[in-house]
1. Give just the number: which of (1) out of contact with any Gly (no Cβ under 9 Å at 6 or more places or on another chain); (2) open to solvent by 40 Å² or more (accessible area, probe 1.4 Å); (3) in a helix (DSSP H, G or I) does residue 16 not satisfy?
2. Looking at (1) in a strand (DSSP E or B); (2) at pLDDT 95 or above; (3) surrounded by fewer than 13 Cβ atoms within 10 Å (Cβ to Cβ), can you tell me which one residue 26 breaks?
3. Show the residue pairs that are 6+ apart or on different chains and have beta-carbon atoms under 6 Å apart, the first residue being within segment 26-46 and under 12 Å from residue 9 (Cα atoms), the second being in a helix (DSSP H, G or I) and not small (Gly, Ala, Ser).
4. In segment 1-13, which residues are loosely packed, with under 11 Cβ neighbours inside 10 Å and polar (S, T, N, Q)?
5. Suppose we filter segment 29-49 for residues that are of a type in the set (A, V, I, L, M) and farther than 10 Å from residue 7 by Cα; how many remain?
6. Considering segment 29-64 alone, what residues qualify as being in contact with a helix residue (DSSP H, G or I) (Cβ under 9 Å, 6 or more places away or on another chain), modelled with pLDDT under 90 and open to solvent by 50 Å² or more (accessible area, probe 1.4 Å)?
Amino acid sequence: MSGYMVAEWTRAEGYSDTGIRADTYAEAEAAAARRHSIEGPKSRYLPMSLRRGIELGVVWGGGR
């Protein structure tokens, strides 16, 4: 399994999947920054590996 994702984190709901996927951490980090600039400070957008997303229960399926 390879690749990266962007997860949304809120204090009330914890982690959730944004549906954003990237091939590199840098691409995921840039996508997270763009999402934060659009959505504002209500949530945090965190880049992470798909493996970590599965470990945290953010992503339920397998990787690429």
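The values are calculated or read from the model by the stated rules, or taken from the named source; none is laboratory data. Because the structure is a prediction, the values reported are computed rather than measured. Positions of Cβ are backbone-derived with ideal geometry, glycine not excepted, and every protein chain shown enters the neighbour counts. Keep in mind that these areas ignore ligands, DNA and RNA; they rest on the heavy atoms of the full protein, side chains included. Shrake-Rupley method; radii C 1.70, N 1.55, O 1.52, S 1.80 Å.
1. Just one mismatch for residue 16, condition (3).
2. Among (1) in a strand (DSSP E or B); (2) at pLDDT 95 or above; (3) surrounded by fewer than 13 Cβ atoms within 10 Å (Cβ to Cβ), the lone unmet condition for residue 26 is (1).
3. Close Cβ pairs (under 6 Å, with a partner that is in a helix (DSSP H, G or I) and not small (Gly, Ala, Ser)) amount to 45/35; 45/36.
4. Within segment 1-13, just 2 meets the criteria.
5. First, pick out the residues of segment 29-49 that are of a type in the set (A, V, I, L, M): 30-33, 38, 46, 48.
Filter once more, keeping what is farther than 10 Å from residue 7 by Cα: 30-31, 33, 38.
The qualifying residues number 4.
6. First pass over segment 29-64, keeping only residues in contact with a helix residue (DSSP H, G or I) (Cβ under 9 Å, 6 or more places away or on another chain): 43-49, 58-64.
Subsequent filtering for residues that are modelled with pLDDT under 90 retains 43, 59-64.
Scanning segment 29-64 gives 60, 62, 64.
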